[in-house]
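Comments concern the structure below.
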Amino acid sequence: MVSESAATSGEAPISFSNRELALIGFGVTTVTVLAGLLVFLWGLGRAASDPASTAMTTRWFLGLWDNLAVPGTRNLVYANFVLAFAVGIGQAFVYGTAFAPVFYRVEAFARRPWLCGVLFAPVSWTVNLLIVAPIGGAGVLGSAIANGGYPWISLAAHLLHSILVASVLDAVHRRS
């Protein structure tokens with residue numbers, strides 16, 4: 001069901017200041033990057049404990065850390081953590097200015113910010129795989145790092161980030 005327009009319902013349209021979006025984007029991106037780093041370290045620990053393992057996830061994390069076919073993989077990992085902050089803050093701006101106002105016109109979405117995040121995640125994930133990853137040196141779909149798990153690890157990170165952005169922005173909107 002589509003809610004009434006802001007003018008007739010007396011409710012202000014959803015909007016956020018640039019400061020709010022920047023702070024929320026930075027905070028949520030920090031949480032997402034730290035979660036990604038913990039998963040990365042867990043994977044490396046798992047790979048280091050049994051480097052001869054043929055388990056798919058062990059191969060993924062070894063591929064991320066030290067891919068012999070692509071020199072400089074370690075530098076890519078560090079650079080992409082830095083790039084993640086710029087992109088994460090940008091995604092908060094895109095969500096807060098373009099997607100949230102549209103989602104909040106539908107009453108069912110307005111009550112479920114996590115669902116709005118889930119719907120936004122594939123958009124940001126696709127942009128990441130086709131545009132941002134090549135800029136970061138990882139190639140289209142992460143192909144330059146020869147890690148079959150990159151798209152799926154990236155999807156999990158984008159889901160977490162988008163759900164957090166949508167939920168925190170919803171809390172800020174409800175508070176104001």
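Before moving on, here are some points about what is shown:
- ILE163 being of a type in the set (Val, Ile, Thr) and either at pLDDT below 90 or at positive phi (or both): no
- Here region 134-150 is the region considered, the condition is being touching a Leu at 6+ places or on another chain (Cβ under 8 Å) and without any contact (Cβ under 8 Å) to a residue 24 or more places away in the chain, and the residue that is surrounded by the most Cβ atoms within 10 Å (Cβ to Cβ) is GLY142.
- The C-beta contact set for region 98-111 (first residue surrounded by 19 or more Cβ atoms within 10 Å (Cβ to Cβ), second residue assigned to a loop (DSSP other than H, G, I, E, B) and among the β-branched types (Val, Ile, Thr), distance under 7 angstrom, 6+ apart or interchain) comprises ALA100/ILE14; TYR104/ILE14.
- Counted as qualifying within region 88-176 are the helices (runs of 4 or more DSSP H) with 3 or more residues that are more than 18 Å from the chain's Cα centre (by Cα), namely 100-103, 107-110, 150-175.
- Filtered residues of region 157-171 (kept if aliphatic (A, V, I, L, M) and surrounded by 17 or more Cβ atoms within 10 Å (Cβ to Cβ)): ALA157, LEU159, LEU160, ILE163, LEU164, VAL165, ALA166, VAL168, LEU169
The values are calculated or read from the model by the stated rules, or taken from the named source; none is laboratory data. In this text, all values refer to a predicted model and were calculated from it rather than measured experimentally. Please note: Cβ atoms are built from the backbone with ideal geometry, for glycine as well, and neighbour counts cover all protein chains shown.
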